[in-house]
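See structure below.
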Amino acid sequence: DAGVTQSPTHLIKTRGQQVTLRCSPKSGHDTVSWYQQALGQGPQFIFQYYEEEERQRGNFPDRFSGHQFPNYSSELNVNALLLGDSALYLCASARKQGFRGTEAFFGQGTRLTVV
Amino acid sequence: AQSVTQPDIHITVSEGASLELRCNYSYGATPYLFWYVQSPGQGLQLLLKYFSGDTLVQGIKGFEAEFKRSQSSFNLRKPSVHWSDAAEYFCAEGSQGNLIFGKGTKLSVKP
């Protein structure tokens, strides 16, 4: 079992550009969540996808959008990049959306640097 | 709104000494609590979780945590720290279907 895999591992973008990050969930998992972790901070919840729909969203602007595919993999898109978007982006997968406290497994993250 | 507080930003302990990392949560009903560990530049690994039942939970790598409702706490402990335990530790609450994390405690281990 490969666990949660994210790509790419590192990315450098220029202010104003757009970026797409990808996540493949752990086998058997159908729910994918995305988190942003700024340097020296705890992860902050961006949104969660289940059955190809956004089910929950944290306090992030509309520049952050996502998608879930029929095979449960997911993408995170960020438009009009700002310097403040530089962070480690973590993907987490779990089974059965809505089950409170379901154990989430995290990927290694994508380090995004905006210059 | 839910919140998780980790009062200690950085803790240094000697190898072989005991460890306690503090975590306080704010949630009215029964919380779902987790401790995760993160090595530099890496993702998060689950150490242990509490959903219900016995308030003392055992995790991987010799860690344990105790849920105390009266104190709204879920402190992480280890009786004897190893140099490989040096990392950042995050407490999280997950009763709403997503995880609310504390800001983390960085653990350094002295030889």
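Pull up region A:12-45, narrow it to residues that are touching a residue at least 40 places away in the same chain (Cβ under 8 Å) and in contact with a Lys or Arg (Cβ under 8 Å, 6 or more places away or on another chain), then point me to the one that is farthest from B:Leu99 (Cα to Cα).
Checking each candidate, the answer is A:Val19.
Please find, within region A:80-109, the residue that is farthest from the other protein chains (Cβ to nearest Cβ) out of those that are more than 25 Å from B:Tyr32 (Cα to Cα) and within 14 Å of the chain's Cα centre (by Cα).
A:Asp85
Being closer than 14 Å to B:Ser84 by Cα and in contact with a helix residue (DSSP H, G or I) (Cβ under 9 Å, 6 or more places away or on another chain) is the filter; apply it to region B:14-38 and report the residue that is surrounded by the most Cβ atoms within 10 Å (Cβ to Cβ).
Of everything passing the filter in region B:14-38, B:Val37 is surrounded by the most Cβ atoms within 10 Å (Cβ to Cβ).
Inspect all residues belonging to region A:49-61 and state whether any of them is buried (at least 19 other Cβ atoms within 10 Å of the Cβ), in a strand (DSSP E or B) and in contact with a strand residue (DSSP E or B) (Cβ under 6 Å, 6 or more places away or on another chain).
There is at least one residue in region A:49-61 that is buried (at least 19 other Cβ atoms within 10 Å of the Cβ), in a strand (DSSP E or B) and in contact with a strand residue (DSSP E or B) (Cβ under 6 Å, 6 or more places away or on another chain).
For region B:2-43, enumerate the residues that are within 30 Å of A:Pro8 (Cα to Cα), within 13 Å of the chain's Cα centre (by Cα) and among the polar types (S, T, N, Q).
Scanning region B:2-43 gives a single hit, B:Gln38.
Within region B:58-96, count every residue that is under 30 Å from B:Pro111 (Cβ atoms) and buried (at least 16 other Cβ atoms within 10 Å of the Cβ).
Counting residues in region B:58-96 that are under 30 Å from B:Pro111 (Cβ atoms) and buried (at least 16 other Cβ atoms within 10 Å of the Cβ) gives 17.
Can you tell me which residue in region B:28-48 is modelled with the highest pLDDT, limited to those that are of a type in the set (S, T, N, Q) and more than 14 Å from A:Ala104 (Cβ to Cβ)?
For region B:28-48, the residue satisfying everything is B:Ser39.
The values are calculated or read from the model by the stated rules, or taken from the named source; none is laboratory data. Please read all numbers here as calculations on a predicted model, not as lab measurements. Cβ atoms come from the backbone with ideal geometry, glycine included; neighbour counts cover every protein chain shown.
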